[in-house]
Amino acid sequence: MSDSMRFVDIIDSQLQNFFDHKADEVAEISADLAPLIDYSRSLLRGGKRFRARFCFWGWRSVAGLTGQPHPQTADHPAFELATALEVFHAAALVHDDIMDRSDTRRGEPSAHRHFEHHHRQSGFGLDAEHYGQSTALLVGDLMLAWSSELVTQALSTATTPSVISGTRREFHKMWNEVTLGQYLDIHEESAWPTVSDDERFRRAMRVVTFKSAKYSMEAPLLLGASMADASEDQLRQLTQFGLPLGVAFQLRDDLLGVFGDPEQTGKPAGDDLREGKRTVLIALAEAEMSAGVKGIFNDMLGDPDVTDEQIAVMQHTLRDSGAVEQVESIIAESAERALGALETKLLDPEAVGELRQLADAVVSRSA
């Protein structure tokens, strides 16, 4: 299973089969439900499958040491669990786009904009925007339910109580933490003016940790390892790898949200600036700005109508502050700490090699 493309093909096949089944289920209720399945299927088409891959290699990092063979069929529980994480991730994206008022996702209309357009195209009455947001909210909820269903399916053949309880515990812990982290993100957007520059950095790092880092890297690893009946020491070792790597992943994402190429990110240039995201990058930059520059910068931050020229000025201001270099330094330090945790005999050597490659892809990505 070192061929990442084959792995992606397997997850794609699992998702295709799952949505085919769901399409049949909802058709028995009403043909009006078909757009929910169609959109969910399209959102989950393609992608790097980072969370699924970390989940699989988290499983293999423990299972390999106990002599368990590589999966020979696509319906292996490790693949089913990895598929559940992709559906969970899609749900988080749908909800995140509603709260961030994002118009696009992966180069296509975000869920609430998609269903708003569906409303208008269909000639429906009442408020199209309300219809779009409400439908997207329900689609996100539906995908959370589906991800839980896939976890149950992955554990259906498990007979070891510690495997069943441990995997479910990690799944529900991830669900709790990402939801609480999402609230902290919303909270900081409003609370930002009431706290000091030093406090802003600490609070922005807290959002990074709970909204993204834990569920992007740490939780998939722990879920996979738990299904292989990992020991506490093995889980601790994977946390020491996954958590700092997750921080590096999100900080890279924050830089791409400001400076990324729209052709690669699927979002407009400087989209995070228009949305007013209070990130570690912003916290570090504002700590170095003069009062006058900070005032002008904050007048533009979060204004959806800022021009491309104003975005360019904001980008220049951020670079000028030295904050970009600081964030790059934190990314490098976090990645180094993560890789150091793989220097262990507690995990399968083959899996460690794959995790190293994944770590490099996560930190150096451009989209």
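The values are calculated or read from the model by the stated rules, or taken from the named source; none is laboratory data. A quick note: this is a predicted structure, and the numbers were derived from the prediction, not measured. Counting neighbours? That spans all protein chains shown, and the Cβs are built from the backbone with ideal geometry, glycine included. The protein model used for the area step is the full one, side chains on, heavy atoms only, and it has no ligands, DNA or RNA in it. Shrake-Rupley method; radii C 1.70, N 1.55, O 1.52, S 1.80 Å.
Step by step: first the residues of region 92-102, then only those that are at pLDDT 90 or above and over 16 Å from ARG49 (Cβ atoms), then the one that is most open to solvent (accessible area, probe 1.4 Å). Which residue is that?
Of region 92-102, the ones at pLDDT 90 or above are 92-99.
Subset that is over 16 Å from ARG49 (Cβ atoms): 94-99.
Values: VAL94: 3, HIS95: 35, ASP96: 19, ASP97: 3, ILE98: 35, MET99: 67 Å².
So, considering only residues that are at pLDDT 90 or above and over 16 Å from ARG49 (Cβ atoms), the one most open to solvent (accessible area, probe 1.4 Å) is MET99.
Test GLU188 against the stated conditions and say whether it is surrounded by fewer than 18 Cβ atoms within 10 Å (Cβ to Cβ), closer than 30 Å to LEU251 by Cα and at pLDDT below 95.
no
Any residue in region 264-286 that's within 14 Å of MET205 (Cβ to Cβ): show its pairings with residues that are among the polar types (S, T, N, Q) at Cβ separation under 7 Å, as long as the two are six or more apart or on different chains.
Qualifying pairs under 7 Å: LEU284/GLN326.
Among the residues of region 60-78, write down those that are of a type in the set (A, V, I, L, M, F, W, C) and open to solvent by 10 Å² or more (accessible area, probe 1.4 Å).
Matches in region 60-78: LEU65, ALA74.
Can you name every one of the helices (runs of 4 or more DSSP H) wholly within region 79-191 that holds 3 or more residues which are free of Cβ contacts under 8 Å to residues at least 12 places away in the same chain and under 30 Å from LEU273 (Cβ atoms)? Give the derivation first.
Numbers: elements: 111-121, 128-154, 161-191.
The qualifying helices (runs of 4 or more DSSP H) are 161-191.
So, in region 260-293, of the ones that are surrounded by fewer than 21 Cβ atoms within 10 Å (Cβ to Cβ) and of a type in the set (Val, Ile, Thr), which residue ends up farthest from ASP198 (Cα to Cα)?
Residue satisfying both the conditions and the ranking: THR265.
For THR152, indicate whether it is at pLDDT 95 or above and among the polar types (S, T, N, Q).
It is true that THR152 is at pLDDT 95 or above and among the polar types (S, T, N, Q).
Quick one: count up the residues across region 20-46 that are small (Gly, Ala, Ser), closer than 22 Å to LEU93 by Cα and either part of a helix (DSSP H, G or I) or open to solvent by 50 Å² or more (accessible area, probe 1.4 Å) (or both).
Result for region 20-46: 4.
Can you tell me which residues in region 37-61 are in contact with a helix residue (DSSP H, G or I) (Cβ under 6 Å, 6 or more places away or on another chain), basic (Lys, Arg) and farther than 30 Å from LEU342 by Cα?
Within region 37-61, ARG41 is the sole residue that qualifies.
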